[in-house]
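The values are calculated or read from the model by the stated rules, or taken from the named source; none is laboratory data. None of these values were measured; they are calculated from a predicted model. Here the Cβ positions follow ideal geometry from the backbone for every residue, glycine too, while neighbour counts run over all protein chains shown.
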Amino acid sequence: MSRRFAAVDLGASSGRVMLADLSGGLSLTEAHRFPNGPVRVADRLYWDVLGLYREILTGLRAAGPVSSIGVDSWAVDYALLDGSGAMLGNPVHYRDDRTRGVAEQVAGAVGAETLYDVSGLQVLPFNTIYQLLADRLDGAATMLLIPDLIGYWLTGELGAEVTNASTTGLLDVRTRSWALPLIKQLGLPSGIFPPLRQPGDAVGGLRRDVAAEIGWSAPVRAVGSHDTASAVAAVPASGPSFAYVSCGTWSLAGIELPEPVLTPESRAANFTNEAGVDGTVRYLRNVMGLWLLQECLRAWSATGPGSDLRELLAAAAGERPFAAVVNPDEPAFLPPGDMPARIAAECRRTGQRPPSSPAAYVRCVLESLALGHRLAVRQAMELSGRDVEVVHLVGGGSRNELLCQFTADACGLPVVAGPAEATTFGNVLVQARAAGLVSGLEEMRSLVATSQPLRRYEPSGDPRAWDEAAARVF
Ligand code: LFR
């Protein structure tokens with residue numbers, strides 16, 4: 001059996017087909033990368049899911065034969081299928097605003113306490129539960145989250161992988177099965193939720209036409225199909241006393257637990273208990289993440305020659321500390337749009353002078369994000385009663401030295417940065433484990449720790465400056 005595995009990862013900045021080789025250690029190569037931008041049609045923001053599927057096939061063809069294939073993506077978004085398995089409509093992107101006000105209505109009807117007690121999920125306006133209630137479900141026979149949809153197109157098999165299902169708001173956090181009483185109470189058709197799969201379960205063999213198109217065949221395996229679940233599975237930690245920040249378009253900041261925390265305090269802090277690989281709980285909160293920076297860059301490139309991120313980061317390092325800081329989780333920052341203008345408005349609203357140059361905006365964004373990381377890590381510790389000795393910062397953000405240092409300074413804890421490709425590592429290592437090449441989470445993590453370059457940042461500077469900045473923002 002070959003020791004090569006393919007990971008399909010659909011992320012916000014791009015989609016990729018990655019090839020991992022475990023013959024001697026753990027190495028990754030990129031077989032194919034393609035854009036994954038949302039498509040706006042009139043006032044709706046959509047996935048370009050058919051275009052992505054075509055790119056995935058191109059990537060698999062380029063990757064060549066592997067032992068198995070795993071698919072992950074961001075959470076919550078889905079397609080509806082009719083009884084024949086055909087897609088009804090085009091999946092809507094979670095940054096669309098069709099769910100405005102729905103979370104409040106549901107909380108009014110069912111009770112926020114009940115919702116949290118059943119699903120353990122943080123309230124984000126785009127959770128699947130609210131999207132489904134804003135959607136037209138007539139004729140829908142099946143709801144498939146995006147990685148499950150890709151799995152279905154590749155194999156013809158229907159199912160719902162559990163880590164991603166846990167982000168719907170419709171999974172029972174205690175039993176990890178569909179929360180049928182809640183589903184019925186909301187008037188959603190319970191038949192649309194397919195049987196659950198665990199990371200490592202077989203999805204199925206490639207359809208004959210798919211195998212013919214890519215030129216080889218291999219089984220598809222369920223992985224932690226929620227990208228964050230895969231990333232957390234690949235955090236190169238040893239022992240339980242770590243926090244993590246999975247930092248890309250979003251920063252997912254928290255800890256790993258054996259059991260959910262469902263206290264009123266936890267609900268008030270909007271902490272989530274998402275399902276991790278191997279029955280673990282991802283106890284975390286969403287922090288707005290590098291989206292703030294990405295949208296600034298997009299705004300500046302629309303009006304000028306485009307900005308070089310490397311230069312901007314170098315200039316940001318020389319900017320005055322804490323000249324302006326914002327709460328990164330202001331709801332106004334969520335949709336696509338003019339981010340510098342929105343940051344400026346938020347500064348004015350909070351009595352601060354807006355940044356006066358791109359470098360000053362970058363400084364503001366990175367300090368604000370580090371404050372978000374600090375609050376989430378500290379609250380995760382307090383609410384769970386767990387101690388943390390180190391923060392692992394994984395994902396693309398681990399390449400951002402300034403953000404890593406700020407996070408260490410703000411948290412007052414060492415930060416171990418890397419790998420940037422944590423999601424892909426988590427994806428392929430769950431496949432490798434199913435193939436018998438790795439034993440469990442611990443060995444997966446130590447394989448990442450020993451095979452990948454990591455960088456350690458010690459906390460520096462005056463911690464009181466961060467306390468003061470935090471008091472200004474939260
Ligand atoms: C990260 C992520 C987060 C989820 C957000 C929206 O890519 O999956 O975990 O809250 O995207 O789905």
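Among residues belonging to the stretch 268-279 that are under 23 Å from Glu113 (Cα atoms) and surrounded by fewer than 22 Cβ atoms within 10 Å (Cβ to Cβ), point out the one that is farthest from the ligand (Cβ to nearest atom). Restricting to residues being under 23 Å from Glu113 (Cα atoms) and surrounded by fewer than 22 Cβ atoms within 10 Å (Cβ to Cβ), the top hit is Ala268. Scanning the stretch 407-427 for residues that are more than 27 Å from Met18 (Cα to Cα) and either out of contact with any strand residue (DSSP E or B) (no Cβ under 9 Å at 6 or more places or on another chain) or surrounded by fewer than 24 Cβ atoms within 10 Å (Cβ to Cβ) (or both) yields Asp409, Ala410, Gly412, Leu413, Pro414.
What tally of residues in the stretch 107-122 results from selecting those that are more than 21 Å from Leu180 (Cβ to Cβ) and either within 16 Å of the ligand (Cβ to nearest atom) or under 24 Å from the mean Cα position of the chain (by Cα) (or both)? Walk me through it before giving the result.
As a first pass, look at the stretch 107-122 and keep what is more than 21 Å from Leu180 (Cβ to Cβ): 108, 122.
This time we only want the ones that are either within 16 Å of the ligand (Cβ to nearest atom) or under 24 Å from the mean Cα position of the chain (by Cα) (or both), so: 122.
Residues flagged as more than 21 Å from Leu180 (Cβ to Cβ) and either within 16 Å of the ligand (Cβ to nearest atom) or under 24 Å from the mean Cα position of the chain (by Cα) (or both) within the stretch 107-122 amount to 1.
The single condition among (1) more than 16 Å from the ligand (Cβ to nearest atom); (2) under 23 Å from Arg445 (Cβ atoms); (3) surrounded by fewer than 24 Cβ atoms within 10 Å (Cβ to Cβ) that Asp209 does not meet is (2).
Can you name the strands (runs of 3 or more DSSP E) wholly within the stretch 7-54 that have at least 1 residues being buried (at least 21 other Cβ atoms within 10 Å of the Cβ)?
In the stretch 7-54, the matching strands (runs of 3 or more DSSP E) lie at 14-21.
Checking Cys296, Cys364 one by one, the residue that is surrounded by 14 or more Cβ atoms within 10 Å (Cβ to Cβ) and without any contact (Cβ under 8 Å) to a residue 60 or more places away in the chain is Cys364 and no other. Considering Ser217, Ser230, the condition of being of a type in the set (S, T, N, Q), within 16 Å of the ligand (Cβ to nearest atom) and at pLDDT 95 or above is satisfied by Ser230 alone.
Scanning the stretch 85-94 for residues that are touching a helix residue (DSSP H, G or I) at 6+ places or on another chain (Cβ under 9 Å) and within 16 Å of the ligand (Cβ to nearest atom) yields Pro91, Val92, Tyr94. Whether any residue in the stretch 292-315 is within 16 Å of the ligand (Cβ to nearest atom) and either more than 20 Å from the chain's Cα centre (by Cα) or among the hydrophobic types (A, V, I, L, M, F, W, C) (or both) is what I want to check. Scanning the stretch 292-315, I find at least one residue that is within 16 Å of the ligand (Cβ to nearest atom) and either more than 20 Å from the chain's Cα centre (by Cα) or among the hydrophobic types (A, V, I, L, M, F, W, C) (or both), so the answer is yes. In the stretch 1-54, the residue that is nearest to the ligand (Cβ to nearest atom) out of those that are more than 21 Å from the chain's Cα centre (by Cα), under 24 Å from Ala222 (Cβ atoms) and charged (D, E, K, R) is Arg54.
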